[in-house]
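Reviewing the structure listed below.
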Amino acid sequence: MFEEMIKTPIIRIKDEIIERYGVDLYLKREDLTDPWISGNKYRKLKYNLIDAREKGFHTLLTFGGAYSNHIHAVAYAGKKYSFKSIGIIRGEENLPLNPTLEEASVNGMNLHYISRSDYRNKTGPEFIENLKKQFGEFYLLPEGGANMLAVQGCTEILTPDEKIFNHICCACGTGATLAGIISSLKGDKKVWGFPVVKNGAFLKDDITKLLMDFGHIIYDNWGLITDYHFGGYAKYDYNLISFINRFKKKHAIQLDPIYTGKLLFGIYDQIKAGLYEPGEKILAIHTGGLQGIHGFNKQFGNLLA
Ligand SMILES: *Cc1c(COP(=O)(O)O)cnc(C)c1O
């Protein structure tokens, strides 16, 4: 299980819009980690699943929204590595299932819906005890898979080949992926997190805490760029959609509207604003998330090519 250390390719984005500013942009294709457990979710699950196996658990339980990449990844990982999986989903059941939950269900995940108010209390000990009464013993993965073992997995995203870059940029939900990247660089380079939620500045404290818990060191070579949330989590506008479609047409690479589309839009915008020095090399992390596109198109009317 997870014997091999996966190393994903890096490609150069050739685009006259950015070449005009004298900077080089590269994309790390973490979307190619695994055909089914894509992107940073693969990294975040790796050491959790090894831990679950070592401790003798047979069932994984986790939480998420109805379109969650994490839920989708846990269902696949459960199937691939022979765990039962339980997904506690926020909100009411909607039939037919959306593509994310349909695939999770086909992969054997037992879906269980709870109200939004219960969902807010989902980490309370009483709530967890009740889940144990209902489902038996399970290995608990937090929402979004954000824990120390996830940070550890994300320290494996970058390899020594990435030494040539000046800036590393990554989308942030919980910030665990960014924390792993920052830890692995040990103060080298500039690392920029792009929160996909509104008022994402609070993530500074969350990420600092993750860094302290994981490596007991706070680095100062990183920051958050909070201007590219497009109104909040899973919110979008037509500029974002046309950017994603143009990027795909030009580079034959699919971005998703929740995370990587916002990240690349933000990087392009910053390059055009002259925020990177000519000659600098920027590495953007493609964290995957492409499973969500089918559901996004179904919900909002085939906006993405
Ligand atoms: C979950 C996810 C993220 C956010 O990762 P965090 O570790 O929670 O910050 C970024 N990109 C994609 C595609 C994701 O699915």
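Tell me whether the stretch 40-145 comes out rounded, prolate or oblate; compute the Cα gyration tensor, take square roots of the eigenvalues as a ≥ b ≥ c, and use a/c under 1.5 as the rounded threshold.
Oblate.
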Carbon plus sulfur fraction of accessible area for the stretch 40-145, probe 1.4 Å, in percent: 48 percent
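Would you calculate, for the chain, the mean residue ellipticity at 222 nm contributed by helices, counting each DSSP H stretch of 4 or more residues as -39,500 (n - 2.57) and dividing by all residues, to the nearest 500?
Result for the chain, helices only: -11500 deg cm²/dmol.
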Cut-off 9 Å between beta-carbons: net charge of the residues surrounding HIS167, Lys and Arg +1, Asp and Glu -1: +2
13 Å beta-carbon shell around SER85, net charge (K/R +1, D/E -1): +2
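So if I place +1 on the C-beta of Lys and Arg and -1 on the C-beta of Asp and Glu, and nothing else carries charge, what would the dipole magnitude of the chain be about its Cα centre? I want it in debye, nearest 20. Mind showing how you got there, number by number?
On the way: 37 positive and 34 negative charges, 68 e Å.
Approximately 320 debye in magnitude.
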Other-chain or far-sequence residues with amide H under 5 Å of ILE225's (modelled H): GLY193, PHE194
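Using heavy-atom solvent-accessible surface (probe 1.4 Å) with all chains present, what is the largest-first order of ARG246, ARG120?
From most accessible down to least: ARG120, ARG246.
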Whole-angstrom gap from the stretch 230-273 to the stretch 44-96, using each part's C-alpha centre: 28 Å
Under 15 Å, Cβ to Cβ, from GLY231 - net charge with Lys/Arg +1 and Asp/Glu -1: +1
Contour excess over end-to-end distance, with Cα ends at GLU156 and ARG246 and 0.36 nm allotted per residue: 29.3 nm
Nonlocal amide H pairs with THR33, under 5 Å, H built at 1.01 Å: GLY39
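The values are calculated or read from the model by the stated rules, or taken from the named source; none is laboratory data. Predicted model, so just to flag it, every value in this text is computed and none were measured. No Cβ is skipped: glycine too gets one built from the backbone with ideal geometry, and neighbour counts run over all protein chains shown. Calculation scope for accessible area: heavy atoms of the full protein, side chains included, ligands and nucleic acids excluded. Shrake-Rupley method; radii C 1.70, N 1.55, O 1.52, S 1.80 Å.
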